[in-house]
Amino acid sequence: MSDQIEDDAACQPHQDNPANPLVLWYENPAVRWHEALPLGNGRLGGMVFGGAATEKIQLNEDTLWSGFPRDHNNYEALNHLEEVRDLVFAGKFTQAEKIVEKYMQGPWNESYLPMGDFDLNFKGVGEVSGYRRQLDLTTATTSTRFESDGRIFTRESFISAVDQVLVINLGCDKPGQLSLTVSLSSQLPGQSHKTPDGKLSFKGSAPAHAEPSYVTHLEPIIYAEGQAIVFEIQVQAVTRGGQVSFNGKNELEITNADHVTLYLTAANNFEGFDKQPGQSRKDPAGKCEKWLAGAANSTYQEVYARHLADFQNLFNKVDLFLGTSEMASLPTDRRLHELQAGKEDLQFFTLYFQYARYLLITSSRPGTEPANLQGIWNKELMPPWSSNYTVNINTQMNYWLAEVANLGECHIALFEMLEELQVTGQKTAEVHYNSRGWVAHHNVDLWRQASPAGGSAMWAFWPMGGIWLCQHLWEHYAFNQDKNYLANRAYPVMKGAALFALDWLISDGNGNLVTNPSTSPENRFLTKEGELCAVSQGSTGDLVMITELFNHCIEASQLLEIDPEFRAELEEARSRIKPFRIGRFGQLQEWFQDFEEPEPEHRHLSHLFGFYPGSLINRFEQPALTEAVRKSLDRRLEYGGAAGGWSCAWTINLLARLGDGERAEQYFTKLLSKMTSINLFHIFPSNREDGYLFQIDGNFGGGAALPEMLLQSHTGAVHLLPALPQAWANGYVSGLKARGGFEVAMGWENGALSQAEIKAGSTGTCRIRTSGQIQAVVSRTEPVKVTRLDGNLIEFATEAGQTYTLRS
């Protein structure tokens, strides 16, 4: 029924380090889901509640979704495209919108699902004192410790990417004191049972379809046997002392053990986005057995050591210090309360940044699904917005910090999705638009639906999703300078999206190329008749995203010395795109006309894409357009914008690009104090049962904003401390990445750079911009020849692998 631990030392819990500043800790167990602590390895996710007499870990698996592959394309859409275009050019926008919504859209996406609950119920735990639960970001480990009736109980949990198991190690300082039941359950239909070799198992099945939570439907969740994904969870107990048995409820019973280590894993029959689960020959049980055997045949310390080496190889690449804090010794929920009360807590910014890096490492690895709207953690059968990939900002924001925070490996899962999405997107481009290349709209799911979803055109009809996502392919090259990756992975996908864009652009009759029909994500304008409408032509967001993609494809083809004819086609089209117009308020217009705005505070900032995350506009070369960006952002904020977490995070990044460190820090504090749960998840109020919604994009967007305030490289120069607020007057950082393949370490005192080190990833030229003058550049103790381009901009030659010290 279980394996016996022979070596007592092999299962001892690890000691907490009270001086570790990168710990979330609490003096009470989690009661609600958004108080629990997240664990993950990219594939498995767990939310650890940390109770004393009971422990619950809510489980997820990255490929457990509703549905199965099917053709979602609308074969009637193309028949109405020219009619819609004619109406738009005639200024009959609302008529065009009605046709788009009636004839040119499709069905809803499928949903990411919760897998199950892993429950431990302890016997003999009485009144509790000295309680502490924590998540150590440096080890990706949760732990719980408390005293009861003169005994000290410990619990340590992690999810290993190496061994593909969730591990829980239970200990007590007195022998024979661990008695508990272990059970598995799920909101999905299924049954727990005992396997022939004594493991606890749960077999379940996903629905064939799940409607989004915001859609009213008589049967929102539909099950169809043999069509959807089936899954299995298995648990193996390894004990020292005591007895292990099964009770009549198909639960593991562990009695009077000295130590217990529980190994859990899960698998399902998903074989690919284009493979029918009902025809799968994949064996989830066999996969579980293989993973459990690999882990259980090692000691707990060996499994932990492999986990730690794997995780820290990524996490330890970046070190950040923004100052000490008197509140750092307080529990995390109390620190958050003090921050909400207006107290200063400099170290909290560091904690939040490193937490974002932790969340990306634990929710996105090569070979897994990308981080979705909730990362990898979801508790609902009908989660907010289906917990899918919303690719009109949210999925992209999830990966804004990947490169600069030195986690390019975690970006790869997104690229793998794009390679699959171009397959479905090619058919959608052909069926819906008679276009070359591939297209994606605002929602994507496990089955890589590329067609428009249902509902309003203001969100559903937006064929720019793939074009924006391709920016991430280019950014990975820009930060790493890997031409093999560019040639074999990035460029083919980018080229396909650019081919679609070439065919989607049409003449506006005045010599310019525009998109038609066009929307600006989730926003609407007022027509001259006073009607709300989303559909027009040539929205700014469309045109800047297409221009950025063309720029990247042109540069890639030059670097790779391929496709001269295609490059010429892009250059000719680019010359006819005029993306920027300045409106009557001095703002960068969102639409091709300076329409009245029913929501001037709107959460989306797509028309500012060219400033961030794009680079068509930069404040050193285009002051007039930069001022228009500033006025656009100010207008949003004056009317109450940045009210939600991801919108606030986008605002902080834009302010950083503007060089406005003081306001960036102000809105960063707002993000932490107003939009963050006690487990530091990004939440915002809702009318749902528990009163909140969770989206992980705010965490990742905020995590990206902090390095954007310290380091920028989108202008062709590595800009050190471009938006440093006064509150962060003294600090240091190491391990951040810059475009051009550079790794940066620097320190600053009294708001000024004191010293920096630049490690070159390739041979070439490095440009450095600072607020003060660099006095000297040294490599291997030898001075380096520096060319001063202006007072604060220098350049020097670099050699791959060498580190250059800058003295200010």
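Within the stretch 77-99, track down each residue that is within 22 Å of Arg448 (Cα to Cα) and within 33 Å of the chain's Cα centre (by Cα). Passing the criteria: only Ala77. Mind checking which residues of the stretch 634-648 are of a type in the set (Gly, Ala, Ser), over 19 Å from Met709 (Cβ atoms) and crowded, with 22+ Cβ neighbours inside 10 Å? Within the stretch 634-648, just Gly641 meets the criteria. Of all residues in the stretch 640-655, those being assigned to a loop (DSSP other than H, G, I, E, B) and within 22 Å of Trp468 (Cα to Cα) number 2. Remark: Gln426 falls outside the filter, which requires a residue to be among the polar types (S, T, N, Q), open to solvent by 10 Å² or more (accessible area, probe 1.4 Å) and over 25 Å from His209 (Cβ atoms). Every listed requirement among (1) under 23 Å from the mean Cα position of the chain (by Cα); (2) among the hydroxyl-bearing types (Ser, Thr, Tyr); (3) open to solvent by 20 Å² or more (accessible area, probe 1.4 Å) is met by Thr651 save one, (3). Highlighted here are the strands (runs of 3 or more DSSP E) found entirely within the stretch 711-808 that include at least 1 residues which are in contact with a Cys (Cβ under 8 Å, 6 or more places away or on another chain) and surrounded by 15 or more Cβ atoms within 10 Å (Cβ to Cβ): 718-720, 742-749, 752-760, 793-798, 803-807. Is one or more of the residues making up the stretch 262-276 open to solvent by 40 Å² or more (accessible area, probe 1.4 Å) and not in a loop (DSSP other than H, G, I, E, B)? No, the conditions are met nowhere in the stretch 262-276.
Among the residues of the stretch 190-211, is any under 29 Å from Leu418 (Cβ atoms), modelled with pLDDT of 95 or more and touching a helix residue (DSSP H, G or I) at 6+ places or on another chain (Cβ under 7 Å)? Within the stretch 190-211, not a single residue is under 29 Å from Leu418 (Cβ atoms), modelled with pLDDT of 95 or more and touching a helix residue (DSSP H, G or I) at 6+ places or on another chain (Cβ under 7 Å). Between Gly698, Gly702, Gly661, Gly691, the distinction of being open to solvent by less than 30 Å² (accessible area, probe 1.4 Å) and more than 21 Å from the chain's Cα centre (by Cα) belongs to Gly661 only. Of all residues in the stretch 348-362, those satisfying the criterion of being closer than 27 Å to Ala309 by Cβ and not small (Gly, Ala, Ser) are Thr350, Leu351, Tyr352, Phe353, Gln354, Tyr355, Arg357, Tyr358, Leu359, Leu360, Ile361, Thr362. If you go through the stretch 652-664 and pick out every residue that is of a type outside the set (S, T, N, Q) and touching a Phe, Trp or Tyr at 6+ places or on another chain (Cβ under 7 Å), you end up with 4. Anything in the stretch 172-189 that is within 35 Å of the chain's Cα centre (by Cα) and in contact (Cβ under 8 Å) with a residue 60 or more places away in the chain? List them, or say none. Val182, Ser183, Leu184, Ser185, Ser186, Gln187, Leu188, listed by residue number. The set of residues in the stretch 49-77 being buried (at least 20 other Cβ atoms within 10 Å of the Cβ) and among the acidic types (Asp, Glu) consists of Glu55, Glu61, Asp62.
Filtering the stretch 115-165 to residues that are closer than 30 Å to Met382 by Cα and over 31 Å from the mean Cα position of the chain (by Cα) leaves only Asn121. Any idea which residue in the stretch 196-223 is nearest to the chain's Cα centre (by Cα), counting only those that are buried (at least 16 other Cβ atoms within 10 Å of the Cβ) and polar (S, T, N, Q)? Selected residue: Ser213.
Of the residues screened, Gly226 is one that is small (Gly, Ala, Ser), closer than 21 Å to Ala267 by Cβ and touching a residue at least 24 places away in the same chain (Cβ under 8 Å). For residues that are of a type in the set (Val, Ile, Thr) and in a helix (DSSP H, G or I), scanning just the stretch 542-566, find the one that is surrounded by the fewest Cβ atoms within 10 Å (Cβ to Cβ). Only one residue tops the list, namely Ile554. When Lys631 is tested against the conditions (1) open to solvent by 10 Å² or more (accessible area, probe 1.4 Å); (2) in contact with a Lys or Arg (Cβ under 9 Å, 6 or more places away or on another chain), the lone failure is (2). Looking only at residues of the stretch 147-162 that are acidic (Asp, Glu) and surrounded by fewer than 24 Cβ atoms within 10 Å (Cβ to Cβ), we find that the one that is modelled with the lowest pLDDT is Asp149. Selection of the stretch 474-486 for residues being part of a helix (DSSP H, G or I), touching a residue at least 60 places away in the same chain (Cβ under 8 Å) and of a type outside the set (Asp, Glu) yields Trp474, His476, Tyr477, Ala478, Phe479, Asn480, Lys483, Leu486.
Candidates are the residues of the stretch 516-541 that are β-branched (Val, Ile, Thr) and surrounded by 24 or more Cβ atoms within 10 Å (Cβ to Cβ); the one that is nearest to Ser557 (Cα to Cα) is Thr519.
Residue check: is Thr144 surrounded by 17 or more Cβ atoms within 10 Å (Cβ to Cβ) and assigned to a loop (DSSP other than H, G, I, E, B)? So Thr144 fails the test. Take Arg489 and tell me if it is of a type in the set (Lys, Arg), in contact (Cβ under 8 Å) with a residue 24 or more places away in the chain and either under 25 Å from Glu590 (Cβ atoms) or assigned to a loop (DSSP other than H, G, I, E, B) (or both). Taking the combined requirement at face value, the residue does not satisfy it. From the list Leu616, Leu637, the lone residue that is among the aliphatic types (A, V, I, L, M), under 29 Å from the mean Cα position of the chain (by Cα) and assigned to a loop (DSSP other than H, G, I, E, B) is Leu616.
Check whether at least one residue in the stretch 584-599 is aromatic (Phe, Trp, Tyr), closer than 23 Å to Ala457 by Cβ, part of a strand (DSSP E or B) and touching a strand residue (DSSP E or B) at 6+ places or on another chain (Cβ under 9 Å), and report yes or no. Scanning the stretch 584-599 turns up no residue that is aromatic (Phe, Trp, Tyr), closer than 23 Å to Ala457 by Cβ, part of a strand (DSSP E or B) and touching a strand residue (DSSP E or B) at 6+ places or on another chain (Cβ under 9 Å). Entry remark, the stretch 278-308: residues being outside any helix (DSSP H, G or I), surrounded by 14 or more Cβ atoms within 10 Å (Cβ to Cβ) and of a type in the set (S, T, N, Q) number 3 in total. Does Ala356 meet the test of being crowded, with 22+ Cβ neighbours inside 10 Å, of a type in the set (Gly, Ala, Ser) and either farther than 30 Å from Asp197 by Cβ or touching a Lys or Arg at 6+ places or on another chain (Cβ under 9 Å) (or both)? Yes, satisfied.
Among the residues of the stretch 227-244, are any farther than 16 Å from Gly278 by Cβ, of a type in the set (A, V, I, L, M), open to solvent by 10 Å² or more (accessible area, probe 1.4 Å) and not in a loop (DSSP other than H, G, I, E, B)? So far as the stretch 227-244 goes, yes, one or more of its residues are farther than 16 Å from Gly278 by Cβ, of a type in the set (A, V, I, L, M), open to solvent by 10 Å² or more (accessible area, probe 1.4 Å) and not in a loop (DSSP other than H, G, I, E, B).
Among the candidates Leu330, Leu322, Leu308, the residue that is modelled with pLDDT of 95 or more and within 23 Å of the chain's Cα centre (by Cα) is uniquely Leu308.
The values are calculated or read from the model by the stated rules, or taken from the named source; none is laboratory data. All values derive from a computational prediction rather than experimental measurement. Glycine also receives a Cβ, built like all others from the backbone with ideal geometry; neighbour counts cover every protein chain displayed. Heavy atoms of the whole protein, side chains included, go into the accessibility calculation; ligands, DNA and RNA do not. Shrake-Rupley method; radii C 1.70, N 1.55, O 1.52, S 1.80 Å.
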